[in-house]
Amino acid sequence: MIRRLYQEVIEDHFTKNRQMLFFSGPRQVGKTTSSLVNTSLAYYLNWDNEVHRAILLAGPEAVAKHFGLPSLTRPLVVFDEIHKYRHWKRFLKGFFDTYEKELQIIVTGSARLDVYKRDGDSMMGRYFLYRLHPLSLRELINPALPDTEITPPLPCNEFNTLLHYGGFPEPFLQKNDRFLHQWQRLRLELLFREDLRDLTRIQDIGQVEILAHRLIAQVGQQVDYTSLASAVKVAVPTVQRWMKALRELYFCFTLQPWSRNVSKSLIKQPKVYLWDWAMCQSKGARNENFVASHLLKAVQFWTDLGLGQYDLYYLRDKLKREVDFLVTKNGEPWFLVEAKTKDQGISSSLYHFQKETGAKHAFQITFDLPFVDIDCFQRRDPVVVPAETFLSQLV
């Protein structure tokens with residue numbers, strides 16, 4: 001078993017906070033395992049289990065009786081996939097307000113828990129949300145909770161394994177191509193046939209699957225809604241609605257273009273990436289998605305940890321100058337990243353957009369260079385760095 005960064009999050013959270021801990025992330029990313037591995041004093045209820053569902057539907061008092069409350073200890077309670085319950089917020093609010101001093105509560109879900117709000121009850125002040133991501137390079141090296149955003153670079157002998165098999169724990173640990181393909185097929189089947197059915201009103205599941213396969217082929221490209229609508233044989237608003245559902249179910253994520261202080265900005269279309277970069281069909285797309293996933297994990301984790309507000313964008317102007325990624329910190333450009341499979345010399349767009357945005361750092365990271373022990377963030381001018389070196393400095 002791999003020790004995950006999020007096990008550290010749980011220990012830190014309940015040492016300091018009274019609030020519930022919400023874990024939101026893709027299916028099979030390790031939410032339940034991370035939640036239960038730290039303690040033997042834990043109770044677990046899963047909405048997808050019929051017996052557990054009956055207990056939850058009986059209400060907070062019935063759940064407390066099932067757990068044997070009050071207790072001499074302060075056990076951990078994990079509610080899994082409870083967001084599928086229409087009145088999940090009302091249930092959690094009542095349960096937490098009554099029993100918060102007697103329990104530690106974790107809520108996990110394979111859809112965005114900040115999105116699926118089935119009723120009007122406010123949960124403000126009652127939970128902290130962490131978004132769980134697949135394994136990253138730094139997490140494999142050292143899953144300790146970081147004190148700052150940037151950590152010292154360290155080599156990782158699992159770099160190529162992570163790039164090839166993806167960051168979901170089970171296929172990564174199996175390291176077997178046949179298992180990977182079977183696992184990917186099953187995961188998509190569950191996403192389309194269960195999650196999409198349970199959490200949306202979408203009926204045309206087959207057409208959504210066609211859309212998903214189109215998106216797999218367009219990783220790293222700007223989304224052309226008109227072209228996608230034509231291919232799937234639906235209207236543009238329908239494609240936009242379906243893509244929103246696929247984002248909320250952690251099939252894909254999109255990056256918006258950054259526009260402030262960038263002259264001649266083009267703007268509107270997002271770029272699309274997959275949560276499972278191992279599904280990418282070309283080497284270049286997989287490498288870029290690998291970087292995008294690491295950066296997204298970093299900005300969301302730093303934000304969730306309370307270090308500030310971090311966001312991820314891309315840059316492109318009307319002259320078609322483009323940089324793959326821009327990370328902002330508290331609304332201000334912080335560093336630029338251009339991902340390359342081979343070292344081809346620094347892109348002129350890095351120089352241009354660093355000047356335009358005022359970003360402190362600019363990196364061109366390449367996948368054909370070996371690890372070197374340098375602190376990338378000591379440099380201000382655009383610099384070429386190995387992908388392994390740069391990504392190992394994130395989270």
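The values are calculated or read from the model by the stated rules, or taken from the named source; none is laboratory data. Just so you know, these numbers come straight off a predicted model, no measurement behind them. Ideal geometry is used to build each Cβ from the backbone, glycine not excepted, and the neighbour counts take in all protein chains shown.
A few remarks follow.
- Just one of (1) among the β-branched types (Val, Ile, Thr); (2) under 30 Å from Phe179 (Cβ atoms); (3) free of Cβ contacts under 8 Å to residues at least 12 places away in the same chain fails for Val291. It is (3).
- Check on Thr73, without any contact (Cβ under 8 Å) to a residue 60 or more places away in the chain, surrounded by fewer than 14 Cβ atoms within 10 Å (Cβ to Cβ), not in a loop (DSSP other than H, G, I, E, B) and not assigned by TED's automatic domain parsing to the domain that holds Gly306: no
- Any strands (runs of 3 or more DSSP E) falling wholly within region 306-364 and containing at least 3 residues that are more than 22 Å from Arg286 (Cβ to Cβ): 332-340
- Within region 260-272, one or more residues are hydrophobic (A, V, I, L, M, F, W, C) and either in a strand (DSSP E or B) or at pLDDT 95 or above (or both).
- Test: residue in region 336-343 that is in contact (Cβ under 8 Å) with a residue 24 or more places away in the chain, of a type in the set (Lys, Arg), under 20 Å from Lys268 (Cα atoms) and not assigned by TED's automatic domain parsing to the domain that holds Leu21: no
- Pick from region 198-241, criterion under 24 Å from Trp47 (Cβ atoms) and without any contact (Cβ under 8 Å) to a residue 60 or more places away in the chain, ranking: surrounded by the fewest Cβ atoms within 10 Å (Cβ to Cβ): Arg201
- Complete set of residues in region 273-304 that are part of a helix (DSSP H, G or I), of a type in the set (S, T, N, Q) and more than 12 Å from the chain's Cα centre (by Cα): Asn287, Asn289, Thr303
- Answer from Arg18, Arg27, Arg53 - the residue that is touching a residue at least 60 places away in the same chain (Cβ under 8 Å), over 22 Å from the mean Cα position of the chain (by Cα) and either part of a loop (DSSP other than H, G, I, E, B) or not assigned by TED's automatic domain parsing to the domain that holds Ala245 (or both): Arg18
- For region 20-41, the set of residues classified as of a type in the set (A, V, I, L, M) and modelled with pLDDT of 90 or more consists of Met20, Leu21, Val29, Leu36, listed by residue number.
- Within region 247-258, one or more residues are assigned by TED's automatic domain parsing to the domain that holds Asp324, of a type in the set (Phe, Trp, Tyr), surrounded by fewer than 21 Cβ atoms within 10 Å (Cβ to Cβ) and in contact (Cβ under 8 Å) with a residue 24 or more places away in the chain.
- Residue match in region 131-144 (condition: closer than 16 Å to Leu21 by Cβ, of a type in the set (D, E, K, R) and at pLDDT 95 or above): yes
- In region 198-217, residue nearest to Leu162 (Cα to Cα) [restricted to those that are part of a helix (DSSP H, G or I) and hydrophobic (A, V, I, L, M, F, W, C)]: Ile216
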